[in-house]
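Have a look at the structure below before the remarks.
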Amino acid sequence: MNRTAPNAAMANEMANAIRFLAIDAVEAAKSGHPGAPMGMAEIAEVLWNRHLKHSPANPHWPDRDRFVLSNGHGSMLIYALLHLTGYDLPIDELKQFRQLHSKTPGHPEVGITAGVETTTGPLGQGISNAVGLALAEKMLAAEFNESGHAIVDHFTYCFLGDGCMMEGISHEVCSLAGTLRTSKLIAIYDDNGISIDGHVEGWFADDTPARFEAYGWNVIRDVNGHDASAVDAAIRAAKAQAVLADGKPTLICTKTEIGKGSPNKVGTHDVHGAALGADEVAATRAALNWNHAPFEIPSDVKSAWDCTDSGRAAEAEWDHRFAEYAKAFPEKAAEFKRRMTGELSDEYQSNIADVMAQIAAAEGDVATRKASQNALDAIAPLVPEFFGGSADLTGSNLTNFKTATYAGRDTWGNHLSYGVREFGMAAIMNGMALHGGYLPYGGTFLTFSDYSRNAIRMAALMKQRVVHVFTHDSIGLGEDGPTHQSIEHVPSLRIIPGLDVWRPCDALETATAWAYSVERQDGPSALALSRQGMPKLLKEASDADKVRKGGYILSDMASPQAVIMATGSEVQLALQAQETLAAEGISTRVVSMPCTNLFDRQSEDYQEQTIPSDLPAVAVEAAHTDFWRKYVGRKGGVVGIDSFGDSAPAPVLYEYFGITANAVADAVRQRV
């Protein structure tokens, strides 16, 4: 939407309102980053007041433009904008900037502050989320729009700075965005030449415009970020270009002065990440002729900023268009509404039990990565919101399914080849989940989860439903050797708060992991899957109910003398050890622990019934052993691997590193 520009004097005052809300909040907190909000104030006024399609009264309106502050350290910029335009962010919250339980945390957090689309702060991930948001818009538009009925038609805007440009993930995602031509993405680069250490030319001398032109972006160079008319013209040009048949994502390169308006600190790193100080605040007020008390906004400026009525009007116009769409295409309209709310379909609810029964009835050994693909084949028709992919390992991760359609530059699809971009893939998936309408999942080898880790952590922090498919989960992958063999990865992923890590032992556990991950609404999941074949251990569909506890009694004996717990490919070793010990008169209980995170959320009574604290315990997992001490205690036993692996066939490696049924049995014998 294009709104009428205010006169120059009012536009200047509106920009100064942003500056001083940022200055005052950072000064009150004695902490924060005032420089970026001060330097980008004019850009923010132009975008938010003249172009951004949003409704402060309804921050979740489906066809709103999305805005991402990738340089999230400048959080007072977005808080000032949200307050001024009419979101539920009263001035008292700005006065509580960076204080416990306020709606204005140090970096923007989705779910905390109305109008914040994604949590930013780790540099580069905001622009990556923005690519995901724009990709979701492009795919949903292709899937749902009909001639004369464009119900998905919005832009994604992103502010980013030098730090985001320096982070490697920006290369991953912006290269892909150019290839896919996510033309509704408009990124505005705050080129102020300053980072925390000082002037960046000593460590960042890239020709950024040329870099993005090489990616296939539309680049608008040398825009004066303090000239509202120039910024306005650049955004208009970007929007006009975006709707062309060969439209591209746009990078608007703006030149700004960090800390604009501060007489003594403008253009220096001193204003980047610290309060101005009382004397400089006073000097800045005088320099900009801002004769108002801290946190005080003149009524005419406040009125000029208020977007409540214009937002309601834009939303009402879309509501009318959607009603017309629903009359013409009632089934598609209902599906769009369901998808945007994140609810699962009635078909899923009605058929998932039958899917589990079919999987339970299937015979034969199968690697859990293949079991995962089989589960996807069965579940995907019930979950049309799936958007899968892999970081150039589709044939190994087996993330594609029978009805998958490959997404491309000009084609809708529900499976994407991300290329060798693990970190970028994970952050793009976060953006797609945040947008709504898709349930993204993506695959790579488990050892490369290290590349993705911070984006996985951000998904957990934001409570987003994304699924990571990590195959080749241990030394069991064999000959590729220690560079590819995961040792510490599963245990370390388990300690990310809010992330469910599944390591299933057979086909039914794998399918249950998928179903639970799909149904989960409050966070991400990771599936650690084997390359090597695994025997069928669960034969009844009803066993899935036990799997949903995260840990359960797989095989029990009368009056057990010890508990053996295991995950994944080592569950079969636990069962073999149980059989060996039984022949010696030692009775044991085998507990499968496909998802320890989920087991830990069960009641204390259930945990105690499953793993009695008065019985000695032994755990076996082809991973680092430290994690299991929480279950077996100091006197319990853990059979695992605390060193890097080696290059050899999997059976040889298991024997060499002592991860065997005999080793498990010995550990039990020593404790009974």
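In this label model, Asn58 and Lys255 are separated by 4.4 nm, measuring between points 7 Å along each Cα→Cβ vector.
Accessible area per residue for the chain, computed on protein heavy atoms with a 1.4 Å probe, is 36 Å². Entry note, segment 520-672: relative contact order of 23 percent, from Cα contacts under 8 Å with a spacing of 6+ residues. Here the dipole of segment 1-93 is about 280 debye; that uses its Cα centre as origin and unit charges on the Cβ of Lys and Arg (positive) and Asp and Glu (negative). Computed from backbone phi with θ = phi - 60° and the Karplus coefficients 6.51, -1.76 and 1.60, the 3J(HN,Hα) list for segment 630-640 is 5, 9, 9, x, 5, 9, x, x, 9, 9, x Hz; x is used for glycine and proline. When the square roots of the Cα gyration tensor eigenvalues are ordered a ≥ b ≥ c, the ratio a/c for the chain is 1.5 or more and a/b exceeds b/c, which makes its shape prolate. Counting 0.36 nm for each residue step from Ile196 to Thr268 and taking away their Cα separation leaves a gain of 25.0 nm. Treating r as the C-beta distance of Glu296 and Asp556 and R0 as 60 Å, the FRET efficiency rounds to 0.30. Counted over segment 165-282, the DSSP beta bridges are approximately 15% antiparallel. DSSP bridge analysis restricted to the chain gives an antiparallel fraction near 10%, rounded to the nearest 5.
Basic side chains Lys and Arg get +1 at the Cβ, acidic Asp and Glu get -1 at the Cβ, and with that the dipole of the chain about its Cα centre reaches some 280 debye. Surface composition of the chain: carbon plus sulfur atoms hold 50% of the accessible area, using a 1.4 angstrom probe and ignoring ligands, DNA and RNA. Here the calculated FRET efficiency for Gln576 and Ile112, from their Cβ-Cβ distance with R0 = 45 Å, stands at 0.35, rounded to the nearest 0.05. Name the residues whose placed amide hydrogens come within less than 5 Å of the amide hydrogen of Gly388, ignoring near sequence neighbours (fewer than 5 apart) on the same chain. Long-range HN contacts for Gly388: His415, Leu416, Tyr441.
Sequentially through segment 419-435, phi angles give Karplus couplings (6.51, -1.76, 1.60; θ = phi - 60°) of x, 7, 9, 4, 5, x, 4, 5, 6, 5, 4, 4, x, 5, 5, 5, 4 Hz, Gly and Pro residues having no value and appearing as x. Can you tell me the FRET efficiency between Asp306 and Ala328 if r is taken as the Cβ-Cβ distance and R0 is 30 Å, rounded to the nearest 0.05? Using R0 = 30 Å, I get an efficiency of 0.30. Take the Cα of Asn289, step 7 Å toward its Cβ, do the same at Glu317, and the gap between the two points is 3.5 nm. Between Ser647 and Glu479, full extension at 0.36 nm per residue minus the direct alpha carbon distance yields a gain of 60.0 nm. For the pair Arg601 and Ser587, label points projected 7 Å from Cα toward Cβ lie 3.4 nm apart. Antiparallel beta bridges, as assigned by DSSP with both residues in segment 88-221, represent about 35 percent of the total such bridges.
Contact order for the chain, expressed relative to its length and based on alpha carbon pairs under 8 Å spaced 6+ residues apart, stands at 12 percent. Our coupling estimate for segment 128-144, obtained by passing each phi through the Karplus curve with A = 6.51, B = -1.76, C = 1.60 and θ = phi - 60°, is 5, 4, 4, 4, x, 4, 5, 5, 4, 4, 5, 5, 5, 4, 5, 7, 10 Hz, Gly and Pro reported as x.
The values are calculated or read from the model by the stated rules, or taken from the named source; none is laboratory data. Predicted model, so just to flag it, every value in this text is computed and none were measured. Note: ideal-geometry Cβ built from the backbone for every residue, glycine included; neighbour counts use all protein chains shown. Note: accessible area is taken over every heavy atom of the protein model, side chains too, but ligands, DNA and RNA are not part of it. Shrake-Rupley method; radii C 1.70, N 1.55, O 1.52, S 1.80 Å.
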